[in-house]
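Written below as structure tokens is the structure these notes are about.
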Amino acid sequence: MEKDTNINSIGYSKQIVISAGIALGFMATLVGVILVLNTVKSGGNKASAVFSPPGTVDDMASMHAPPAPADNTKFQALLNSPAPQFKLQSYSGKEIDLASLKGKNVVLFFSEGAMCFPSCWDQINAFTKDKGFSGKDTIILTIVVDSKTDWDGVVKKDKKITSATVLLDSDRKVSEAYGVLTVDSSMHRGQFPGHTYVIIDKEGVIRFEKDDPNMGINNKDLLADISKLNQ
């Protein structure tokens, strides 16, 4: 009898240990779930670090983070000053030298480019359709920071846009020189222009500037400014 009692005691002890282990495991799981839920409620950064595939956390954070404060200082300081000179390749492969365009009024449209559909694409196409810009005295140049491959995708979706002269500022040097990477209309400040216009007179001086956070079609205002240059 004593031997049986010892065996029963040992079996009972094992059951207690197993039950305790299961209870502890359940509690650990519950605590883990609570911690993850609290992390999600407090902003989701830690949860993203746990569950997001490698390399996606920083990209997603940069895309959805609010833009840095706008700084229009450099852009506005260029008004009534000689336009920064540049040479850029057009999408069609032609080199455009701003210095060679003296004697003409030049409108620069700094655009967010391929990702800016339909607003920027609409403005680019509106330039080519507007007879007010068809005179020999005015040249319209759209400047984007996209690569040629990026713009290939735009052309495939919108054949009409090939009528525009689109310059590829892929290293952002020209956009930086004109101060358009940090203006109000830029939603990705430091990386992309927004929806910004510069009018250069026939002497190569910047006479009018316009930044449009609403990303509209501004042909009417631009033509009015150009008409003032010709008076």
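Contact annotation: residue pairs with Cβ atoms under 6 Å, 6 or more positions apart or on different chains, pairing a residue in the stretch 196-221 that is in a strand (DSSP E or B) with a partner that is basic (Lys, Arg), are TYR197/LYS210; ILE199/ARG207. Looking across the stretch 141-195, not a single residue is within 15 Å of the chain's Cα centre (by Cα), among the β-branched types (Val, Ile, Thr) and either at pLDDT below 95 or in a helix (DSSP H, G or I) (or both).
The values are calculated or read from the model by the stated rules, or taken from the named source; none is laboratory data. The structure presented is a predicted model; accordingly, all values stated were derived computationally and were not measured. Ideal geometry is used to build each Cβ from the backbone, glycine not excepted, and the neighbour counts take in all protein chains shown.
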